[in-house]
Amino acid sequence: EAAAFPGHPLIPEARSPSTPGPLLKFGPHRDGVTTFLQIRSFPGQLANDHVRISGFRIYGPSFGQQETSEVAIRIIRSVDITVANMEIAGWAEQGVKVEDDPGEDQDPSTNNERPRISDPSQILVTGSWIHHNQNPVGAFGGHAGGYGVEAATGGWATITRTVFDFNRHALAAHGDSGGYTAHHNLVLKGGGYHGSLVNTYTHQFDVHGTGGNGLGGLAGETFVYDANAFQYRKDNAIKIRGKPRRSVTFTNNVFPHPGLEN
């Protein structure tokens, strides 16, 4: 089977239902290097837009519980980005992270393009297998990661037709993100391990608030949950920990929980 690339003839992909595709591993690296693939645009420079990452596997350092901070694919201030037909596993922070923040190395006074990412359709994660991204908080607190896809500061994304398993959170968003649209995804039974004294397990689709410890305050702008199916039942399927600025929409989702009280 061939996959259509915009503006190009049909090009066959190495990853297919019968072939897992080429594998790239994040091995020993220089001090401070924690991102494997990065797509980034800087103000005042030619934008790095219109990128497709598709048809192979990328593995992080470990499929077990982790304590480090690696990111598989980081998208910063770039648009028309597609991550498709991928296997992404073994990353302590995020499988895919989307952000639109000027950053310490950019002068806000010259940052005329901000925000560049302004709609979930501009970043697409589709048709992929994202698993074993796990970083628990630990019994006595501390940093926790392990997100399949995260919309970070200023970030937006659409996630569709993707299977998740053994992630601490399958999807996550910052309180100051734009938000995400999640439709026709499957969340399997595994993962969710949080590891604190209060919460052994946590939810799968997450939105942080801007309040203390991610609770309360504002929680992004717009979130859409449509036709997702959950097998995970160790905790809530979806938890929004603040008030979105615009809206949240739930339609046609399937949950395994005995009730919807929580």
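The values are calculated or read from the model by the stated rules, or taken from the named source; none is laboratory data. On a predicted model such as this, the values are computed, not experimentally measured, just so you know. Reconstructed Cβ throughout: ideal geometry from the backbone, glycine too, with neighbour counts over all protein chains shown. For accessibility, only protein heavy atoms count, side chains too; no ligands or nucleic acids. Shrake-Rupley method; radii C 1.70, N 1.55, O 1.52, S 1.80 Å.
3J(HN,Hα) along region 235-240: 7, 4, 6, 10, 9, 10 Hz, from the Karplus curve 6.51 cos²θ - 1.76 cosθ + 1.60 with θ = phi - 60°, whole Hz, x for Gly and Pro. In the context of the full set of protein chains, the chain has a per residue accessible area of 47 Å² (1.4 Å probe). Here the Karplus curve 6.51 cos²θ - 1.76 cosθ + 1.60, taken at θ = phi - 60°, turns the phi angles of region 35-50 into couplings of 10, 7, 10, 9, 10, 9, 10, 10, x, x, 10, 4, 5, 9, 10, 6 Hz, with x standing for Gly and Pro. Across the chain, C-alpha contacts under 8 Å between residues 6 or more apart give a mean separation that, scaled by the residue count, equals a relative contact order of 12 percent. Look at [x] 22.0, 77; [y] 18.7, 57; [z] 17.8, 55: the one that is Rg and Dmax of the Cα atoms in Å derived from this structure is [z]. In this structure the amide hydrogen of Ala92, modeled in the peptide plane, comes within under 5 Å of the amide hydrogens of Glu70, none closer than 5 places in sequence on its chain. Relative to the current alpha-carbon distance between His50 and Val248, full extension at 0.36 nm per residue lengthens the span by 68.4 nm. Exposure check, 1.4 Å probe, all protein chains in place: Ser62 carries approximately 50 Å² of accessible surface. Cross-link partners for Lys189 among the lysines, with Cα-Cα distance under 24 Å and sequence neighbours closer than 8 places in the same chain left out: Lys97, Lys234, Lys239. Measuring nothing but how far apart in sequence close Cα pairs (under 8 Å, 6+ apart) lie, relative to its length, region 117-239 scores a relative contact order of 25 percent.
Computed from phi, the 3J(HN,Hα) profile of region 156-171 under the Karplus parametrisation 6.51, -1.76, 1.60 (θ = phi - 60°) reads 9, 6, 10, 10, 8, 6, 10, 9, 10, 7, 6, 10, 4, 10, 5, 10 Hz, with x in place of Gly and Pro.
The packing ranking, built from the mean of other Cβ atoms within 10 Å per residue, places the peptides 225-237, 88-100, 176-188 in the order 88-100, 176-188, 225-237, highest first. Peptides 146-157, 29-40, ordered by how many other C-beta atoms sit within 10 Å of their residues on average, highest first, read 146-157, 29-40.
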